[in-house]
Amino acid sequence: MAISSITIFGVLGNIMSGLLYLSPTNVFVRIAKRRSTEEFESIPYISKLLNAYFWVYYGFIKPNSVVVATVNVFGAAVEIVFLTIFLLFAPPRMKVRTAILVIVLDVAFPGATILLTHFLLDGDKRIDVAGLWCVIFSMIAYASPLSAMKTVVALKSVEYMPFLLSFIFFLNGGVWTVYAILAKDLFVGIPNGSGFLLGTAQLILYFIYWKPKSSRQASDGLEDQQIISEALISNPSQGKSEH
């Protein structure tokens, strides 16, 4: 029964995490259509790819943790596609900056770190070090919505924090936290428990500051909300300068 429950929550976690990885799709459709990266930054996607690499490694070396690896293999592929689109349409200076960061943070650093971890350590030590790296980068990724939450409070508006994205963020943290408890995996539990609390805080803020819109405003703004949210997380000062 325990194994079955772990598998169920692992699969649910894969679905939730997959949706989170795909959530910026509208941003890149916009970039491709306009053939410009505009004010968007590449750092969030570089960070997500780095995070995915370490979770893939952890999932493969930790016994019975293949569900941790599978969704992050998918996530890494998605981030590579996003970064490729970004590099194609970024202005020259941003393109060079992004390319350097990708080489350093998404190729050289994880490659060297994983190789050293794999060949210098063994058994539980290897798993613990890999898990520690996962926790560090996941906590950084989970902290990114804090800028959007700060803006919601400052503007007393949820315009820059779409409900659906916040709800998926909440579910993702909750499902993986339950998985971590069942699997007795502290490294999965720490960042996702934090993500669950942050997701809960986002939903509370949403219900505090939500205001009804006209049907026209709602339909016109639906697609742009995710785009604005991604831009805000990448460049928090942008939202403030426009108001």
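Here is a list of conditions, (1) modelled with pLDDT of 90 or more; (2) under 20 Å from residue 27 (Cβ atoms); (3) among the acidic types (Asp, Glu), and residue 224 meets all of them except one; can you say which number that is?
(1) is the only condition that residue 224 fails.
Is there any pair linking a residue in segment 36-63 that is open to solvent by 10 Å² or more (accessible area, probe 1.4 Å) and of a type in the set (Lys, Arg) to one that is assigned to a helix (DSSP H, G or I) and modelled with pLDDT under 90, with Cβ under 7 Å and at least six apart or on different chains, and which?
48/141
Among the numbered criteria (1) more than 23 Å from residue 190 (Cβ to Cβ); (2) surrounded by fewer than 18 Cβ atoms within 10 Å (Cβ to Cβ), which one does residue 83 miss?
So residue 83 meets the others, but not (2).
How many residues does segment 9-35 contain that are open to solvent by 40 Å² or more (accessible area, probe 1.4 Å) and more than 17 Å from residue 84 (Cα to Cα)?
Residues flagged as open to solvent by 40 Å² or more (accessible area, probe 1.4 Å) and more than 17 Å from residue 84 (Cα to Cα) within segment 9-35 amount to 5.
Of the residues that make up segment 183-192, is at least one in contact with an Asp or Glu (Cβ under 9 Å, 6 or more places away or on another chain), under 22 Å from residue 54 (Cα atoms) and open to solvent by less than 40 Å² (accessible area, probe 1.4 Å)?
no
Where in segment 93-182 are there helices (runs of 4 or more DSSP H), lying wholly inside it, with at least 1 residues that are more than 26 Å from residue 202 (Cα to Cα) and among the polar types (S, T, N, Q)?
Because the criterion is at least 1 residues that are more than 26 Å from residue 202 (Cα to Cα) and among the polar types (S, T, N, Q), the helices (runs of 4 or more DSSP H) in segment 93-182 that meet it are 109-120.
The values are calculated or read from the model by the stated rules, or taken from the named source; none is laboratory data. Please read these numbers as outputs of a predicted model, since none were measured by experiment. Glycine gets a Cβ as well: all are built from the backbone with ideal geometry, and neighbour counts include every protein chain shown. SASA here: full protein model, heavy atoms, side chains in, ligands and nucleic acids out. Shrake-Rupley method; radii C 1.70, N 1.55, O 1.52, S 1.80 Å.
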